[in-house]
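A quick write-up on the structure given underneath.
The values are calculated or read from the model by the stated rules, or taken from the named source; none is laboratory data. Only a predicted model underlies this, so the values are computations on that prediction, with no experimental measurement involved. Note: ideal-geometry Cβ built from the backbone for every residue, glycine included; neighbour counts use all protein chains shown. All accessible areas refer to the heavy atoms of the entire protein, side chains included, with ligands and DNA or RNA removed. Shrake-Rupley method; radii C 1.70, N 1.55, O 1.52, S 1.80 Å.
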Amino acid sequence: MTTTKLTKDMTVGSMVAGDFNRAQVFERLGIDYCCHGADTLDAACKKANRCPDEVLAALADKKEVTGGTPDFSSWPLDLLVDYVLKKHHRNFHLHHDEIMQLVAKVASVHGGRHPELLQLRDKVAESFEELDQHFFKEEHVLFPQLYEIFNAHNEGRPAAPFHCGTIAHPIRQMMLEHDTTGEMWEQITKISNNFTTPEDGCSSYRLMNEQLKQFFLDLKEHIALENNLIFPGFLGMEQQG
């Protein structure tokens with residue numbers, strides 16, 4: 001992982017890309033390192049009403065930045081794509097129906113006393129539908145070309161022609177969709193009161209909030225990996241020919 005000295009003029013996305021353990025600090029302080037990763041730390045702190053110097057001090061504190069997050073910045077690009085496919089895409093395909101059923105169940109049981117659950121159910125369903133389409137485009141259009149570019153680069157040959165011309169076009173679209181998804185999950189976070197279960201909530205209510213909170217954390221890692229490491233890495237590789 002990178003040991004570059006951090007400054008308030010650096011983007012929060014690049015800080016996390018250098019060491020994904022820094023995401024813990026940003027999570028605790030309410031700083032968006034995911035869909036607004038292009039913001040400088042100074043700009044992100046203004047949005048979150050935080051002092052940049054205090055955030056920099058927290059990021060430099062080894063007690064604050066702990067954990068066993070892999071050193072993604074040292075991974076080859078094809079391994080990063082493998083990880084996104086086998087962890088994030090696979091987990092979504094395996095578990096999103098089960099999560100949706102739980103959300104619908106809790107909304108059905110508790111929606112009378114907590115009508116916000118009906119809105120939560122609809123937002124989660126909308127997000128899952130959009131993510132399903134998003135992942136399909138990555139798996140069947142963009143990622144195959146990323147693997148081709150990587151293999152061609154390693155073998156010292158030109159990459160096969162891509163029907164979009166350049167990967168810049170689908171990458172731009174994927175990043176726009178990341179922004180939409182991130183905004184939707186910020187709405188879900190607010191609707192759920194930051195995934196807090198009320199006193200009259202049952203065990204299913206608590207489980208739903210735990211699963212939704214973990215899903216959003218995983219989604220942020222997924223988006224941060226693509227926006228800050230995978231996409232810029234492959235764009236550079238494509239430009240090299």
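Among the listed residues Thr66, Thr40, identify the single one that is open to solvent by 50 Å² or more (accessible area, probe 1.4 Å), of a type outside the set (A, V, I, L, M), farther than 30 Å from His153 by Cα and in contact (Cβ under 8 Å) with a residue 24 or more places away in the chain. Don't jump to the end; show me each part of the working.
Numbers: Thr40 fails: open to solvent by 50 Å² or more (accessible area, probe 1.4 Å).
Just a single option satisfies the conditions, and that option is Thr66.
Among the numbered conditions (1) surrounded by fewer than 17 Cβ atoms within 10 Å (Cβ to Cβ); (2) under 30 Å from Ala17 (Cα atoms); (3) in contact (Cβ under 8 Å) with a residue 12 or more places away in the chain, tell me where Phe135 comes up short.
Just one mismatch for Phe135, condition (1).
Please verify whether the range 213-220 includes one or more residues that are over 27 Å from Thr69 (Cβ atoms) and of a type in the set (Asp, Glu).
Of all residues in the range 213-220, those over 27 Å from Thr69 (Cβ atoms) come to none.
Among the residues of the range 213-220, not one is over 27 Å from Thr69 (Cβ atoms) and of a type in the set (Asp, Glu), which makes the answer no.
Specify which of the listed residues (Arg28, Arg22) is of a type in the set (Lys, Arg) and either on the phi > 0 side of the Ramachandran plot or surrounded by fewer than 18 Cβ atoms within 10 Å (Cβ to Cβ) (or both). Walk me through it before giving the result.
Working: Arg22 fails: either on the phi > 0 side of the Ramachandran plot or surrounded by fewer than 18 Cβ atoms within 10 Å (Cβ to Cβ) (or both).
Every option except Arg28 fails the conditions.
Does the range 1-37 hold any residues that are of a type in the set (Ser, Thr, Tyr) and in contact (Cβ under 8 Å) with a residue 60 or more places away in the chain, and which are they?
Narrowing the range 1-37 to residues of a type in the set (Ser, Thr, Tyr): 2-4, 7, 11, 14, 33.
Thr2, Ser14, Tyr33 - these are the residues of the range 1-37 that are of a type in the set (Ser, Thr, Tyr) and in contact (Cβ under 8 Å) with a residue 60 or more places away in the chain.
Among the residues of the range 146-168, is any in contact (Cβ under 8 Å) with a residue 60 or more places away in the chain, of a type in the set (Val, Ile, Thr), under 30 Å from Gln240 (Cα atoms) and not in a helix (DSSP H, G or I)?
Yes, the range 146-168 contains at least one residue that is in contact (Cβ under 8 Å) with a residue 60 or more places away in the chain, of a type in the set (Val, Ile, Thr), under 30 Å from Gln240 (Cα atoms) and not in a helix (DSSP H, G or I).
I need a count of the residues in the range 95-114 that are open to solvent by 40 Å² or more (accessible area, probe 1.4 Å) and either out of contact with any Lys or Arg (no Cβ under 9 Å at 6 or more places or on another chain) or part of a loop (DSSP other than H, G, I, E, B) (or both).
Of the residues in the range 95-114, 8 are open to solvent by 40 Å² or more (accessible area, probe 1.4 Å) and either out of contact with any Lys or Arg (no Cβ under 9 Å at 6 or more places or on another chain) or part of a loop (DSSP other than H, G, I, E, B) (or both).
Condition (residue is polar (S, T, N, Q) and under 27 Å from Asn154 (Cα atoms)) applied to the range 20-30: is it met by at least one residue? Break it down stepwise before answering.
If we filter the range 20-30 for residues that are polar (S, T, N, Q), which is where we start, we get 21, 24.
Imposing the further condition that a residue be under 27 Å from Asn154 (Cα atoms) reduces the set to none.
For the range 20-30, residues polar (S, T, N, Q) and under 27 Å from Asn154 (Cα atoms): absent.
Open to solvent by less than 80 Å² (accessible area, probe 1.4 Å) and among the charged types (D, E, K, R) - does that describe any residue in the range 79-88?
yes
Looking only at residues in the range 180-211 that are closer than 14 Å to Glu126 by Cβ and aliphatic (A, V, I, L, M), which one is least open to solvent (accessible area, probe 1.4 Å)?
Applying the filter and picking the extreme gives Ile188.
Just to be sure, is Asp9 within 30 Å of Met237 (Cα to Cα), among the acidic types (Asp, Glu) and at pLDDT 90 or above?
Numbers: within 30 Å of Met237 (Cα to Cα): yes; among the acidic types (Asp, Glu): yes; at pLDDT 90 or above: yes.
So Asp9 passes the test.
Criterion first (more than 24 Å from His178 (Cβ to Cβ), of a type in the set (A, V, I, L, M, F, W, C), part of a helix (DSSP H, G or I) and free of Cβ contacts under 8 Å to residues at least 40 places away in the same chain) does Leu117 satisfy it? Steps first, answer last, please.
Values: more than 24 Å from His178 (Cβ to Cβ): yes; of a type in the set (A, V, I, L, M, F, W, C): yes; part of a helix (DSSP H, G or I): yes; free of Cβ contacts under 8 Å to residues at least 40 places away in the same chain: yes.
Taking the combined requirement at face value, the residue satisfies it.
Would you call Gln239 of a type outside the set (Lys, Arg), closer than 17 Å to Phe128 by Cα, free of Cβ contacts under 8 Å to residues at least 60 places away in the same chain and open to solvent by 20 Å² or more (accessible area, probe 1.4 Å)? Full working, then the answer.
On the way: of a type outside the set (Lys, Arg): yes; closer than 17 Å to Phe128 by Cα: no; free of Cβ contacts under 8 Å to residues at least 60 places away in the same chain: yes; open to solvent by 20 Å² or more (accessible area, probe 1.4 Å): yes.
So Gln239 does not fit the description; no.
Just checking, does the range 159-168 include any residue being under 22 Å from Val12 (Cα atoms) and buried (at least 20 other Cβ atoms within 10 Å of the Cβ)?
no
Among the numbered criteria (1) hydrophobic (A, V, I, L, M, F, W, C); (2) surrounded by fewer than 19 Cβ atoms within 10 Å (Cβ to Cβ); (3) closer than 30 Å to His95 by Cα, which one does Phe143 miss?
With respect to (1) hydrophobic (A, V, I, L, M, F, W, C); (2) surrounded by fewer than 19 Cβ atoms within 10 Å (Cβ to Cβ); (3) closer than 30 Å to His95 by Cα, Phe143 is out only on (2).
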